[in-house]
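What follows is a single structure, written as structure tokens, with notes after it.
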Amino acid sequence: MLEPAVIILRLLQYAGAMVLMGSSLFFIYALPATGPGSAAEAPWTRKLLTGAGVLLALATLLWIAAQASVLAGSIAEGLKPEALGAVVTSMDLGKAGVLRAGVALLATILAVMLRPARASWIVAAALGMVATATFAWMGHGAATEGPGGVIHLVSDILHSWAGAVWIGALVAFALILRTRSPVPAEVVALHRALHGFSSVGALLVAVLVATGLANSWFLVGVDRIDGLWTTPYGRLLSLKLVLFTAMLGLAAANRFGLTPGLGRALAAPDAYAAALTALRRSVAIETAVGLIILALVAWFGTLAPPSAL
């Protein structure tokens, strides 16, 4: 019972931190600063960042309690002050969790208090980056010893950041596309945002592939490559790679098919509905695949990698 709870709480933390970071950055680089289609005028931006902060804070605190319960052998024992204290004071994952919860609470307060604007999104993105970086101490990123330890740690953090930018943008796109009858200026802003994210997306793919290979070098290794299909960790990692490839295909379809289609529809408003419907479907599928990947990461992050066997 406790192990599944730990995995679910890991997933919720990933989702909260990545939306906090990635969606805030998306508001800055992809959407206009003011006017129709801007994040400043969207009624959901404050709710999104506030919800992400609350989700991250609660999930982190519950995860610390669940982790202490796993180590103590039961919920009753794990909730005792001495068990909780041992996790947050003597274990790196606990210290990282406390920092993550504190950052999440600060982000929530600021999201409620500050007016939605570029300055507040920069602050939210910075706090999201800190929170996302702490995941390296929740999994295997900070476990490598020796000369390669720093390389693995940095690679793991960069991998998480790139994933956050992608997931956060998808969530923002999904919310933008909820509007069934957008005004022409909003469609123009959406089209520009799609183009803006396409440019960022190429860099994200490069970072994800490079850091994914580096992480696999440390956690799987050339001499244990068979672990990709003979161990639970390896099989889940292999499934993640298959789904990541699917996300690349969907992103390519958006970039080279659906985005130009929306551009053509700008000259023919009667074609808005069909173009937007196709985009909604594609973004919904890509977002769902991204969340499944996060669930797999939350799962195999609790398992021993092939290099440790």
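What is the one condition in (1) under 16 Å from the mean Cα position of the chain (by Cα); (2) not acidic (Asp, Glu); (3) not in a helix (DSSP H, G or I) that Thr302 does not satisfy?
For Thr302, the failing item is (1).
Looking only at helices (runs of 4 or more DSSP H) that lie completely in the stretch 187-294, which have at least 1 residues being surrounded by 15 or more Cβ atoms within 10 Å (Cβ to Cβ), in contact (Cβ under 8 Å) with a residue 60 or more places away in the chain and among the hydroxyl-bearing types (Ser, Thr, Tyr)?
Those helices (runs of 4 or more DSSP H) span 232-253, 259-265.
All but one of (1) small (Gly, Ala, Ser); (2) outside any helix (DSSP H, G or I); (3) without any contact (Cβ under 8 Å) to a residue 60 or more places away in the chain hold for Gly141; state the number of the condition that does not hold.
Unmet for Gly141, out of (1) small (Gly, Ala, Ser); (2) outside any helix (DSSP H, G or I); (3) without any contact (Cβ under 8 Å) to a residue 60 or more places away in the chain: (3).
Inspect all residues belonging to the stretch 52-72 and state whether any of them is in contact with a helix residue (DSSP H, G or I) (Cβ under 7 Å, 6 or more places away or on another chain) and without any contact (Cβ under 8 Å) to a residue 12 or more places away in the chain.
yes
Does Ser160 qualify as being closer than 30 Å to Ser38 by Cβ, out of contact with any helix residue (DSSP H, G or I) (no Cβ under 7 Å at 6 or more places or on another chain) and in a helix (DSSP H, G or I)?
Considered against the rule, which asks whether it is closer than 30 Å to Ser38 by Cβ, out of contact with any helix residue (DSSP H, G or I) (no Cβ under 7 Å at 6 or more places or on another chain) and in a helix (DSSP H, G or I), Ser160 comes out as no.
How about the stretch 144-183: which of its residues are free of Cβ contacts under 8 Å to residues at least 12 places away in the same chain and of a type in the set (Ser, Thr, Tyr)?
Thr179, Ser181
Taking the condition assigned to a helix (DSSP H, G or I), within 17 Å of the chain's Cα centre (by Cα), closer than 18 Å to Ile8 by Cα and of a type in the set (A, V, I, L, M), does Leu93 pass?
Criteria not met by Leu93.
How many residues, within the stretch 41-59, are closer than 11 Å to Gly97 by Cα and either among the charged types (D, E, K, R) or surrounded by fewer than 17 Cβ atoms within 10 Å (Cβ to Cβ) (or both)?
Residues that pass the stated criteria total 0.
What number goes with the only condition from (1) touching a residue at least 60 places away in the same chain (Cβ under 8 Å); (2) part of a helix (DSSP H, G or I); (3) within 20 Å of Ala298 (Cβ to Cβ) that Leu127 does not pass?
(3)
Name the residue that is surrounded by the most Cβ atoms within 10 Å (Cβ to Cβ), counting only residues in the stretch 65-80 that are aliphatic (A, V, I, L, M) and within 28 Å of Ala125 (Cα to Cα).
My answer is Ala66.
Going by what's in this entry, would Leu62 be described as over 30 Å from Leu243 (Cα atoms) and surrounded by fewer than 22 Cβ atoms within 10 Å (Cβ to Cβ)?
no
Bear in mind these aren't lab numbers, they're just calculated from the coordinates by the rules spelled out. Small disclaimer: the values here were computed from a predicted structure and weren't measured. Ideal geometry is used to build each Cβ from the backbone, glycine not excepted, and the neighbour counts take in all protein chains shown.
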